[in-house]
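Notes follow the structure.
The values are calculated or read from the model by the stated rules, or taken from the named source; none is laboratory data. Just so you know, these numbers come straight off a predicted model, no measurement behind them. We place every Cβ from the backbone using ideal geometry, glycine too, and count neighbours over all the protein chains shown.
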């Protein structure tokens, strides 16, 4: 049982690149444009597959022109699509803007993703669980579906990894079903109300999560569990586009855990994947392979700090 199951969102990512982001009411001239497979769920599935895991995607697409872009994109990466459901209406859309420093802002319109029900997610999980070890979740689908999937995944013995993005208030009962929660520092502060990221990590653990991994960009991650708080460093890179960096982390983390790696070794690979992702423009195009992560790591292992 070494597979990864992703329950989550799929979209067509429409990205515009410009020297800077416009202010309210302002128009700026961009430099280039792309439209590719995206959505946090799909990105994490592609990342896990490129990391070497047998990966299956659970979610909804529309019956519009973007459906083939999404489904064909997943299949091209070897991601299983037997549990994708086509619903009436448009596929999810993400509108992304990226500036010259690699920073972005994103508007996600869920559309078909809003049709992923608790029943559909549970049915797919029960079918896929016998070959899986890890469940990856995010919050671009209905919250009740994500929370229900966490409970079912936990009951089925899967390692449940939740990326709580976009940040949302969840029933505190969900944390008892989560093995690893992976917010970035902004999401962690918004969800917990804590300004210090270590305190935010402890907030999740105190409510039942086994481990909190709060990513802090180029400074790596703060890892909190019941035993200790520690910092893992990452690799310095020059950012081009930070879109999907968190998805690269989640996908490679899930793949490494499914392959039997310990948490810190899995996080070392995941943080390296996140560093590589910010050096390439676009969401799914930036997600690195296992070979690229191996090459970056080499003999240079990010050190523990504190």
Revision key, fill the gap. Only one of 160, 174, 152 is in a strand (DSSP E or B) and more than 16 Å from residue 9 (Cβ to Cβ), namely 160
**Study point:** Test for residue 211: is it crowded, with 16+ Cβ neighbours inside 10 Å, under 30 Å from residue 97 (Cβ atoms) and touching a strand residue (DSSP E or B) at 6+ places or on another chain (Cβ under 8 Å)
**Key:** no
Study note, to complete from the structure: Considering segment 245-287, residues that are buried (at least 24 other Cβ atoms within 10 Å of the Cβ) and part of a loop (DSSP other than H, G, I, E, B), and then whichever is modelled with the lowest pLDDT, we arrive at 283
Review point. Restricting the search to segment 198-244, which residues are more than 18 Å from the chain's Cα centre (by Cα), under 26 Å from residue 171 (Cβ atoms) and in a strand (DSSP E or B)?
Key: 224, 225, 229
Practice item. Inspect segment 116-125 for any residue being within 23 Å of residue 244 (Cβ to Cβ) and not in a helix (DSSP H, G or I) and give the result as yes or no. Key: yes
**Study point:** Given (1) more than 17 Å from the chain's Cα centre (by Cα); (2) over 17 Å from residue 96 (Cα atoms), index of the condition residue 3 fails
**Key:** (1)
Check your understanding: Identify, please: which residue in segment 90-105 is closer than 23 Å to residue 68 by Cβ and surrounded by 17 or more Cβ atoms within 10 Å (Cβ to Cβ) and is, among those, nearest to the chain's Cα centre (by Cα)?
Key -> 94
